[in-house]
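Reviewing the structure listed below.
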Amino acid sequence: MRSIPLEKPAGRLQETLRPGKGSGMMRRIFSILFAFLVAGVFVIAVPIYELFYSPNRFPKGTLMKSVESPDHRYKVNIYLTNGGATVDFGIRGELEDEGTHHRRNIYWQYHEDRADVFWVDNHTVSINGHVLNIARGQTYFWRPQ
């Protein structure tokens, strides 16, 4: 009796049996899983930052004083914040660009009810001993240790 030779697998089946061919699919699966992981971290991290760490959520407060820079380009507005019976006073410093009237928080100090503010030069302000260079975007936000 004569034996019939077995044929090699043909077409697509043969390509999948070659070593190293399946790694493309695994790479694609890992890339998709990694993308979902990164997206999940952002979905969790951004709200936590906004709720607990963002300077935009500081209390507004009552205006104590405004101090203009020597060149009248900027103005620092100092506010006294009071959270009520269970929260101590705080000082919030807000930088205002006199040309655009854009405002942003640059200073926050808890357990403080006075503010000593003066401009060192056109781009540097000192608030309660904390020297901030406005041109470099420096800020001071007190955090509990």
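The values are calculated or read from the model by the stated rules, or taken from the named source; none is laboratory data. Source: prediction; values computed, not measured. We place every Cβ from the backbone using ideal geometry, glycine too, and count neighbours over all the protein chains shown. Just the protein is used for accessible areas: all its heavy atoms, side chains included, with ligands, DNA and RNA removed. Shrake-Rupley method; radii C 1.70, N 1.55, O 1.52, S 1.80 Å.
Only residues of the range 63-78 count here: report those whose backbone N is under 15 Å from the spot 7 Å along Cα→Cβ of residue 100, or say none.
73-75
When all protein chains stay in place, what accessible area (Å², nearest 10, 1.4 Å probe) is found for residue 42?
Counting only protein heavy atoms, the figure is 130 Å².
At a Förster radius of 30 Å, what calculated FRET efficiency corresponds to the Cβ-Cβ distance of residue 120 and residue 44, to the nearest 0.05? Mind dumping the intermediate values first?
Numbers: r = 41 Å, r/R0 = 1.36.
For R0 = 30 Å, the calculated efficiency reads 0.15.
Over the Cα atoms, compute the radius of gyration (one decimal) and Dmax (the largest Cα-Cα distance, rounded to a whole number) for the range 69-122, in Å.
In Å, with Rg to one decimal and Dmax whole: 12.9, 41.
Given a 1.4 angstrom probe, what's the average accessible area per residue across the range 84-145, in square angstrom? Please list the in-between numbers first.
Working: 3620 Å² over 62 residues.
That works out to 58 Å² for each residue.
Can you sort 75, 65 by solvent-accessible area, 1.4 Å probe, largest first? It would help to have the intermediate numbers written out before the result.
Details: 75 45, 65 70 Å².
Final ranking, largest accessible area leading: 65, 75.
At a probe size of 1.4 Å, how large is the accessible area of residue 96, to the nearest 10 Å²?
10
When the accessible area of the range 67-145 is computed with all protein chains present and a 1.4 Å probe, what percentage of it is carbon and sulfur? Show your work: numbers first, answer last.
Values: 2090 of 4420 Å².
Reported share for carbon and sulfur atoms: 47 percent.
Suppose R0 equals 25 Å. What FRET efficiency, 1/(1 + (r/R0)^6) with r the Cβ-Cβ distance, do residue 111 and residue 139 give to the nearest 0.05? Intermediate results must be reported in sequence, preceding the final value.
On the way: r = 18 Å, r/R0 = 0.73.
Using R0 = 25 Å, I get an efficiency of 0.85.
With charges set only on the Cβ (+1 for Lys and Arg, -1 for Asp and Glu), what does the dipole of the range 70-111 come to about its Cα centre, in debye to the nearest 20?
Details: 5 positive and 6 negative charges, 13 e Å.
Result for the range 70-111 is approximately 60 debye, rounded to the nearest 20.
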